[in-house]
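These notes are about the structure you will find just below.
Read the figures in this text as sums done on the coordinates, not as results from a lab. What you see is a predicted model; the values in this text were computed from it and never measured. In this analysis, Cβ positions are derived from the backbone assuming ideal geometry, glycine residues included, and neighbour counts consider all displayed protein chains.
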């Protein structure tokens, strides 16, 4: 596989074309951001951790019947993925009240929700990623009704699978954000990444205290993210080994 021209640079990744028109070359970066890029820092080792965490999570999801755009790892900081036309949506699943949801509704952070909540936001930093409902998505042409049904079905399937995965490693999956897209043959697929950058992951101690193992450590100035991300990677890789999953 040959890396060609750079197509995109986001907050945490660069995308390159390859000599296969259906495959992209992803390079993770050591940059951490919060508040739609208002807060930034370079954190050595973050790129490698997020690349490897995403790869093992996509392998664990595939073993649970959830497919994604992930093709194969290339190096500690690079991987190959299927080329997608992305929906301009942030797809959010919530199992526990936290972050903006807790503030929006005046709910104590850590309140267990009676059922998982699926939310959508328009992916647009200039607008502050505004909340949008199903009717708005269809009315604005961001996805067709059929695509939205499939996006919603997949989001709930991802949530069920991730709850199983993180429970198995002793971590509570509070909430997460994913993105989806359409392949060249019209298939809706999970895309982007799943890492502690995009999930809230808590270890709840026996006395009820919460240890954050996610980007809230950076977002809220609570400590160094690297040991937390390393712990998540180590536990996930051990789970994959225990389950006999053949790694990509």
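Once a ≥ b ≥ c are taken as the square roots of the eigenvalues of the Cα gyration tensor of the range 85-223, is the result rounded (a/c under 1.5), prolate (a/b larger than b/c) or oblate (a/b not larger than b/c)?
Details: a/c = 1.96, a/b = 1.64, b/c = 1.20.
Prolate is the answer for the range 85-223, as a/c is 1.5 or above and a/b outweighs b/c.
Counting pairs of alpha carbon atoms under 8 Å apart in space and at least six apart in sequence, what relative contact order in percent does the chain give? Present the calculation step by step, with values, prior to reporting the outcome.
Working: 457 pairs, mean separation 45.5, N = 248.
About 18 percent, as a whole number.
Can you bin the chain into rounded, prolate or oblate? Criterion: square roots of the alpha carbon gyration tensor eigenvalues sorted a ≥ b ≥ c, rounded for a/c under 1.5, prolate for a/b above b/c, oblate for the rest. Show your work: numbers first, answer last.
Working: a/c = 1.36, a/b = 1.11, b/c = 1.22.
Rounded.
What number, rounded to the nearest 500 deg cm²/dmol, is the helix-based mean residue ellipticity at 222 nm of the chain, given -39500 (n - 2.57) per DSSP H run of at least four residues and division by all its residues? Write out the running numbers ahead of the final one.
Details: 6 runs with 77 residues, N = 248.
My calculation for the chain gives -10000 deg cm²/dmol from helical runs alone.
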Cα gyration tensor, the range 98-140 - rounded (a/c under 1.5), prolate or oblate: oblate
Distance in nm between pseudo-label sites at residue 144 and residue 103 (7 Å out along the Cβ direction from Cα): 3.8 nm
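Using Cβ counts within 10 Å as a stand-in for footprinting exposure, how do 59, 192, 164 rank, fewest first? Intermediate values should be presented prior to the final figure.
On the way: 59 20, 192 23, 164 13.
Going from sparsest to densest Cβ surroundings: 164, 59, 192.
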Rg followed by Dmax, in Å, when the range 3-82 is reduced to its Cα trace: 13.4, 37
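Defining a contact as two alpha carbons under 8 Å apart and six or more residues distant in sequence, what relative contact order in percent does the range 26-70 show?
Details: 34 pairs, mean separation 12.8, N = 45.
Taking the mean separation of contacting Cα pairs over the length of the range 26-70, I get 28 percent.
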Percent of alpha-carbon pairs separated by more than 21 Å within the range 18-133: 58 percent
Exposure proxy ranking, count of Cβ atoms within 10 Å, fewest first, for 248, 48, 167: 167, 248, 48
Extension reserve of the residue 17-residue 230 stretch, reckoned as 0.36 nm per residue once the Cα distance is removed: 73.7 nm
